[in-house]
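The values are calculated or read from the model by the stated rules, or taken from the named source; none is laboratory data. All values derive from a computational prediction rather than experimental measurement. Backbone-built Cβ (ideal geometry, glycine too); neighbour counts: all protein chains shown. Each accessible area value is taken on the protein alone, full model and side chains, heavy atoms only, with ligands, DNA and RNA left out. Shrake-Rupley method; radii C 1.70, N 1.55, O 1.52, S 1.80 Å.
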Amino acid sequence: MVAIIDYDAGNIRSVEKAVSLLGEDVNVTRARGAILSADHIILPGVGAFGDAMEKLHSYGLTEVIEESVGEGIPFLGICLGLQLLFESSEESEGVKGLGILPGRIVRLPEVPGLKIPHIGWNSLRYPNEGRLFAGIPEESYVYFVHSYYLQAEEEEIVTATTEYGACIHASVEKGNVFACQFHPEKSSGVGLHILRNFLEIRSVGR
């Protein structure tokens, strides 16, 4: 069973559809028991950092997320879900993120010829080996929609980067925690391959 955390964010149904297409049972839920009993957990999201953190707190999900990560369940953050895993975002000054991974979210720089938000397909480079990208060659294209990007404090956790006015940390992996700034559920066959790789990862100690 795959638990998709429901905190009223955008894009949850697209992720549900993609995971179902891979033959997995999916539960879109905010129930603690359902999340902690899942084989895999996904935190999707499109929206504002501060609003999302407020929702996570109001539904009691921050503690559930921390508990699930501590139990070793494979956990995947997508887009805003990646950003929330880190400590802070320039989008919402003074709002603390989940702080599960060290780093901050900053606004994309203003660069002539590049529009913000960044919407479209970009190719990936792999500075470090990542289990999400097994069997997927470098320079594969994935789909982005964002105005803010990750600057991870630990460069060794960065498994994919792309360029859009800056070097964007596009995916990270640390232990059982994975995250993508891009949208695998909207990235055609490459994206489904990434999701399949995630779903093949087993929980630590299970």
Item to check | Checklist (1) open to solvent by 10 Å² or more (accessible area, probe 1.4 Å); (2) out of contact with any helix residue (DSSP H, G or I) (no Cβ under 8 Å at 6 or more places or on another chain) applied to Leu82, failing item | outcome: (1)
Item to check | Cross-chain or 6+ apart pairs with Cβ under 8 Å, segment 57-81 first and touching a residue at least 60 places away in the same chain (Cβ under 8 Å) and under 21 Å from Ala160 (Cβ atoms), then part of a helix (DSSP H, G or I) and β-branched (Val, Ile, Thr) | outcome: Phe75/Ile65; Phe75/Val69; Ile78/Val15
Checklist entry - Which pairs have Cβ atoms under 6 Å, sit 6 or more apart or on different chains, and link a residue in segment 184-205 that is more than 16 Å from Asn11 (Cα to Cα) and among the charged types (D, E, K, R) to one that is surrounded by fewer than 17 Cβ atoms within 10 Å (Cβ to Cβ) and modelled with pLDDT of 95 or more? => result Arg196/Leu22
Next on the checklist: Scan segment 48-56 and tell me whether some residue there is open to solvent by 10 Å² or more (accessible area, probe 1.4 Å), in contact with a strand residue (DSSP E or B) (Cβ under 9 Å, 6 or more places away or on another chain) and farther than 16 Å from His146 by Cβ.
Outcome noted: no
